[in-house]
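Trainee: This is the structure I want to talk about, given as structure tokens.
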Amino acid sequence: VQLQASGGGTVQAGGSLRLSCAVSGIIFRSFAMGWYRQAPGRQRELVATISSGGSPFYVDSVKGRFTISRDNSKNTVYLQMSSLRPEDTATYYCRSRWGSSWSDHWGQGTQVTVSS
């Protein structure tokens, strides 16, 4: 599986960004997808997931601010991020899941920096 994340950048607190992750090498529509992030000196953490049927899940820290979506015709998963905070600064990665098993493939990630 290949994962190409893009859309990161530097924004001021309160701003918005939309991340994209183009996926190839799998039957995209059959897989759940997730966004993770890793800040410097911290462990990689889950941010949001979306099932193959489109049901979203968010961790509490981003609930109400982030929206995960997918376009199966484009094999792409998105993360719309609003009301960004400095603590959202991290490298963001996407990942695929088959059933309950997350893939070991991460892709290169995309950097998000939120300035105060």
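Trainee: Given the options 34, 41, name the one that is out of contact with any Ser or Thr (no Cβ under 8 Å at 6 or more places or on another chain) and either more than 19 Å from residue 10 (Cα to Cα) or surrounded by 13 or more Cβ atoms within 10 Å (Cβ to Cβ) (or both). Show your work before the answer.
Mentor: Details: 34 fails: out of contact with any Ser or Thr (no Cβ under 8 Å at 6 or more places or on another chain).
Going through 34, 41 in turn, the sole match is 41.
Trainee: Which residue is surrounded by the fewest Cβ atoms within 10 Å (Cβ to Cβ), if the candidates are limited to segment 1-20 and must be small (Gly, Ala, Ser) and part of a strand (DSSP E or B)? Step through it out loud before you land on a result.
Mentor: The first filter runs over segment 1-20 and keeps only residues small (Gly, Ala, Ser), leaving 5-9, 13-16, 20.
Restricting the remaining residues to those that are part of a strand (DSSP E or B) gives 5-6, 9, 20.
On the way: 5: 23, 6: 15, 9: 13, 20: 17.
Of everything passing the filter in segment 1-20, 9 is surrounded by the fewest Cβ atoms within 10 Å (Cβ to Cβ).
Trainee: Would you call residue 23 touching a Cys at 6+ places or on another chain (Cβ under 9 Å), touching a residue at least 12 places away in the same chain (Cβ under 8 Å) and either more than 16 Å from residue 113 (Cβ to Cβ) or open to solvent by 40 Å² or more (accessible area, probe 1.4 Å) (or both)? Outline the logic, then answer.
Mentor: Working: touching a Cys at 6+ places or on another chain (Cβ under 9 Å): yes; touching a residue at least 12 places away in the same chain (Cβ under 8 Å): yes; either more than 16 Å from residue 113 (Cβ to Cβ) or open to solvent by 40 Å² or more (accessible area, probe 1.4 Å) (or both): yes.
Yes.
Trainee: Here's another thing I want to ask about it. Say we look at segment 86-102 and pick out the residues that are of a type in the set (D, E, K, R) and in contact with a strand residue (DSSP E or B) (Cβ under 6 Å, 6 or more places away or on another chain); which of these is most open to solvent (accessible area, probe 1.4 Å)?
Mentor: Only one residue fits best here, namely 97.
Trainee: Still on this structure: Considering only segment 105-116, state which residues are open to solvent by less than 20 Å² (accessible area, probe 1.4 Å) and in a strand (DSSP E or B).
Mentor: First, pick out the residues of segment 105-116 that are open to solvent by less than 20 Å² (accessible area, probe 1.4 Å): 109-110, 112, 114.
Those that are open to solvent by less than 20 Å² (accessible area, probe 1.4 Å) and in a strand (DSSP E or B): 110, 112, 114.
Trainee: Here is a further query. Go through the residues of segment 105-116 one by one and say whether even a single one is over 11 Å from the mean Cα position of the chain (by Cα) and without any contact (Cβ under 8 Å) to a residue 40 or more places away in the chain.
Mentor: No, segment 105-116 has no match at all.
The values are calculated or read from the model by the stated rules, or taken from the named source; none is laboratory data. Everything numeric in this text was worked out from a predicted model, so none of it was measured. Every residue, glycine as well, gets a Cβ built from its backbone with ideal geometry; the counts of neighbours run over all protein chains shown. When the accessible area is computed, the model is the full protein with side chains, heavy atoms only, and any ligands, DNA or RNA have been set aside. Shrake-Rupley method; radii C 1.70, N 1.55, O 1.52, S 1.80 Å.
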